[in-house]
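The values are calculated or read from the model by the stated rules, or taken from the named source; none is laboratory data. Note that the coordinates shown come from a computational prediction; the quantities given were computed from them, not determined experimentally. Cβ: placed from backbone, ideal geometry, glycine included. Neighbour counts: every protein chain shown. Areas reflect the complete protein model, heavy atoms only, side chains present, ligands, DNA and RNA absent. Shrake-Rupley method; radii C 1.70, N 1.55, O 1.52, S 1.80 Å.
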Amino acid sequence: MRNIKLTIEYDGKEFNGWQKQPNKLNIQGTIEQAIKMITGEDVELNASGRTDAGVHAFGQVANFKTNSQIPIDKFAIAIKKAEEVDERFHSRLNCKRKTYRYVINNSPEGTAIYRNLETHIPQKLDVEAMKKAVKYFEGEHDFKAFKASGTSSKSSVRTIYNAEVVENNGRIIIKLTGNGFLYNMVRIISGTLLEVGQ
């Protein structure tokens, strides 16, 4: 049995998040179907974390096990990278940290090309206040106030290793790196920082 690790990039705009759901377009099910077309096997794709509806990924890690002897380069189905790894590797259990980026276009005119990848706020934001506020999220905290209702996680305690706000060419990038995130946590933190900036 082989264990295959995938590094995945996707535009999540049309998807209902990572997790398989009946009658809803999702990332996990779509990739599993593509793998079945290649190997003829039903596989279970384990992800480093589940993304919410509309979230994009630049390098999400997932793995699956297969008996297929198809060469590793044939698994790169619109996937950035495919590699064979130790049988004990599991994308979620071996994940050490995750990074989310939330991009605000803070120019008066916005953009046509990236309109689905960033939020347009034409009013000038106080970036220095946002930079100061984001640092309060660093460290281990109970993020109960920053999760959407209906979250099934047993604990709302998470560790944010690095939190920063960067301004670059009319864009404000909120970047959070942590050991895990609650349902809609990054969106709620970003919305809070947006209020600080306003």
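Mind counting the residues in the range 26-36 that are assigned to a loop (DSSP other than H, G, I, E, B) and either exposed (fewer than 13 other Cβ atoms within 10 Å of the Cβ) or of a type in the set (G, A, S) (or both)?
Going through the range 26-36 one residue at a time, the tally reaches 0.
In the set R92, R115, R88, which member is surrounded by 12 or more Cβ atoms within 10 Å (Cβ to Cβ) and among the charged types (D, E, K, R)?
Exactly one residue qualifies, and that residue is R92.
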Residues satisfying the stated conditions in the range 1-25, i.e. closer than 22 Å to C95 by Cβ, among the hydrophobic types (A, V, I, L, M, F, W, C) and either assigned to a helix (DSSP H, G or I) or open to solvent by 30 Å² or more (accessible area, probe 1.4 Å) (or both)
M1, F15
Within the range 49-74, tally of residues that are at pLDDT below 90, surrounded by 13 or more Cβ atoms within 10 Å (Cβ to Cβ) and out of contact with any Asp or Glu (no Cβ under 9 Å at 6 or more places or on another chain):
7
Looking at the range 1-30 only, could you name the residues that are of a type in the set (A, V, I, L, M) and over 16 Å from the mean Cα position of the chain (by Cα)?
M1, I4, L25
Cβ-Cβ under 8 Å pairs, at least 6 apart or on other chains, the range 18-45 side farther than 22 Å from F58 by Cβ and touching a residue at least 24 places away in the same chain (Cβ under 8 Å), far side among the aliphatic types (A, V, I, L, M) and open to solvent by less than 40 Å² (accessible area, probe 1.4 Å):
E41/I35
Need the failing condition index for I4 against (1) more than 30 Å from Y161 (Cβ to Cβ); (2) in contact with a Lys or Arg (Cβ under 8 Å, 6 or more places away or on another chain); (3) of a type outside the set (S, T, Y), just the number.
(1)
Flagged in the range 39-76 as part of a strand (DSSP E or B) and closer than 20 Å to M1 by Cα, in numbering order, are N46, A47, V61, A62, N63, F64, K65, T66
For the range 77-108, give me each residue that is within 23 Å of T192 (Cα to Cα) and part of a loop (DSSP other than H, G, I, E, B).
R97, N106, S107, P108
